[in-house]
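**Q** Please see the structure below; I have some questions.
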Amino acid sequence: MVSKISWNSATLTVLLFVLCSGAAAYVALDPNGNITIKWDVLSWTPDGYVAVVTMSNFQIYRPIMSPGWTLGWTWAKNEVIWAMMGAQATDQGDCSKFKTNIPHSCEKNPEIVDLLPDAPYNQQVANCCKGGVLASRGKDPSDAVSAFQITVGSAGTTNRTVKLPKNFTLDAPGGGYICGPAKIVSPSLFITPDRRRVTRAMMTWRVICTYSQFLAPSPKPTCCVSLSSFSLPFSQNASITPCPLCSCGFPNSSNCVMKTPSGKGVNKAVLKCTKYMCPINVHWHVNSNYERFWGVKITITNLNYGFNYTQWTLVVQHPFLNNATQVPAFSYKPVMHNLSTNDTALFYGRKPYTDVLMQAGPNGNVRSDLTLNKDGEKTALKKGWAFPRRVYFNGNQCVMPSPESYPVVPNPPGPR
C-alpha cells in the first residue's frame, strides 16, 4: 500500500512538471509557434541607448485580437524610458527626482502598449500603431509584426555594461502566454533602401514567448461545432446535430442575455444565452453529396454582443481538405505544407467582405461554400466521413459533438 502511494506521488510530480514547463506549450499542429521579441540597440547615448523592439508572431493560426498586446519587463538597474515612438508606457511612474527633462516613464516594471492606427505621423515607426493587433503568420506574415522605438537612460553605454531586462511578460486577450529570459544573440543586420550597404545593431537580445492553454485565466472552451446535412427529398426532418450541451459553461442570468441589449453599443462582453454558452459557433453543413465531390457550407457565428473578431482564423482537420477546389468567400491554405497528404486547412476572411466577424446580431456571422473532391478509395465509411475531425477558432480547439450523434449523409445520386 505504501509503495503504491509513493508511485502515484512520483507520477503526479512528473505530470505537474510537464504541465508547468515549456512542454505544456507544445501544439501538434504548430510545434514551432511562438511570439519572438527582438531588441536591437541601434545607437548609444550619453547615459544609455536607442533601440527598436520588434514583436513577431510566428504562430500559424493564433492571432492577437483587439484590444491588443501589452508587453512588460523588469529593469535590471534603475533605467528610465526617456522617449518612445510607435508605443507608450501605460504609467509614467514616479519621476519626481527629475527637475527639468522629465522621462516618458520611470517605472521599474513598465508595461508597454501599441499606439492606435490614427497616431500622429511623427510618433510612428515602421510596423507600429495597429492597436496591439497581430495577425497570425499563416494568415498574413506582413501583418504579423509589430515594432516600436525606445530611448533608455540610466543604463549601460556599451555592450559590456548594458544589463538585460528580465521577467518579461506578454498579456493578450485570453491570456496564456509565458516568456523566457532575454538572451544575447548575433547582432541583427539591416540593408539600406538602395540595397548597397549593410549595417548592424550594436547589440541584440531576444525573448521567446509561447502559448499554453493551461496558463490561460479561463481554461473553458471558447467555441463549439454543430453539424447538419441536407435532407432526402420529401423528408420532414433535417439531420442536425447541435453543439453539445454546456460546451463552454452553464447558462445563468449573470453571464448571458436572452435578447439583444438595448442601446447603440455595448461596452463589455455580453453573451447570448444558448444551451451550450459558447462565444463562437462553427456550423458545418453538408449540402450535397455526389459520387465525386461533397458540397459544404461553413458558417461562423459570433454570439458575443460586445466583441468583433478582426483577425479571425479557422483551422479544420478533414481527410479531404487536400482536395478542396472552391472556397469562394474565405481564403484558404494548407497548414502542413511539407506533407503530401494534408488534412488540415487554415481559413480566414477576405477583405473587405468576410475579414471581420461582427458582434452578435443580424451581421454577426461569416460563411462560405466549400467543395471537397472525393478519393474513391477512401469513402468506404458512410456516417461521419463528411464531417471534420477537429476544429480550431483563433487557435482554440472547439468542442465537437460525439461521433455517435453525427448526422446521416444521404447516398450520392450518381456521377456528376
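The values are calculated or read from the model by the stated rules, or taken from the named source; none is laboratory data. Note that the coordinates shown come from a computational prediction; the quantities given were computed from them, not determined experimentally. No Cβ is skipped: glycine too gets one built from the backbone with ideal geometry, and neighbour counts run over all protein chains shown. Surface areas here come from the heavy atoms of the whole protein model, side chains and all, with no ligands, DNA or RNA. Shrake-Rupley method; radii C 1.70, N 1.55, O 1.52, S 1.80 Å.
**Q** Under the 0.36 nm per residue contour assumption, what length would be gained going from the current alpha-carbon distance of Val185 and Thr70 to full extension?
**A** 39.0 nm
**Q** Can you give the FRET efficiency to the nearest 0.05 for Val125 and Asp369, using r as the Cβ-Cβ distance and R₀ = 45 Å?
**A** Computed FRET efficiency for Val125 and Asp369: 0.60.
**Q** Right, next: To the nearest 0.05, how large is the calculated FRET efficiency for Lys163 and Phe98 if R₀ is 25 Å and r is the Cβ-Cβ distance?
**A** Efficiency, rounded to the nearest 0.05: 0.75.
**Q** Based on alpha-carbon centroids, what's the gap between the range 101-118 and the range 155-184 in Å, whole number please?
**A** Here the two parts' Cα centres lie 15 Å apart.
**Q** When the accessible area of the range 89-210 is split by element with a 1.4 Å probe, what percent falls to carbon and sulfur?
**A** Using a 1.4 Å probe with all protein chains present, the range 89-210 comes out at 50 percent carbon and sulfur.
**Q** Per residue, how many Å² of accessible area does the range 63-118 show with a 1.4 Å probe?
**A** That works out to 49 Å² per residue.
**Q** So how much slack lies between Arg195 and Glu291, counting 0.36 nm per residue of separation and subtracting their Cα-Cα distance, in nm?
**A** Contour length minus Cα-Cα distance gives 29.0 nm.
**Q** Please compute the length gained on full extension between Asp47 and Asn308, using 0.36 nm multiplied by the number of residues separating them and subtracting their Cα-Cα distance.
**A** In short, 89.6 nm is gained.
**Q** Please compute the net charge surrounding Val316, taking Lys and Arg as +1 and Asp and Glu as -1 over other residues with Cβ under 10 Å from its Cβ.
**A** +1
**Q** Mind checking the range 121-184 for trypsin sites (Lys or Arg not before Pro) that DSSP puts in a loop (not H, G, I, E or B) and that have at most 12 other Cβ atoms within 10 Å?
**A** Hits after loop and neighbour filter: Arg160, Lys163.
**Q** May I pose another question? Among 241-248, 114-121, what's the highest-first ranking by average C-beta atoms within 10 angstrom per residue?
**A** Sorting 241-248, 114-121 by mean packing, highest first, produces 241-248, 114-121.
**Q** Name the aspartates and glutamates eligible as straight-distance cross-link partners of Lys108: C-alpha to C-alpha under 18 Å, and not fewer than 8 places from it in the same chain.
**A** Reachable aspartates and glutamates: Asp47, Glu79, Asp91, Asp94, Asp171.
**Q** Using the Cα gyration tensor of the range 85-221, with a ≥ b ≥ c the square roots of its eigenvalues, what is the shape: rounded (a/c below 1.5), prolate (a/b larger than b/c) or oblate (neither)?
**A** Note, shape of the range 85-221 comes out rounded.
**Q** What FRET efficiency comes out for Ala216 versus Ser154 if R0 is 30 angstrom and r is the Cβ-Cβ distance? Round to the nearest 0.05.
**A** Efficiency, from the Cβ-Cβ distance: 0.25.
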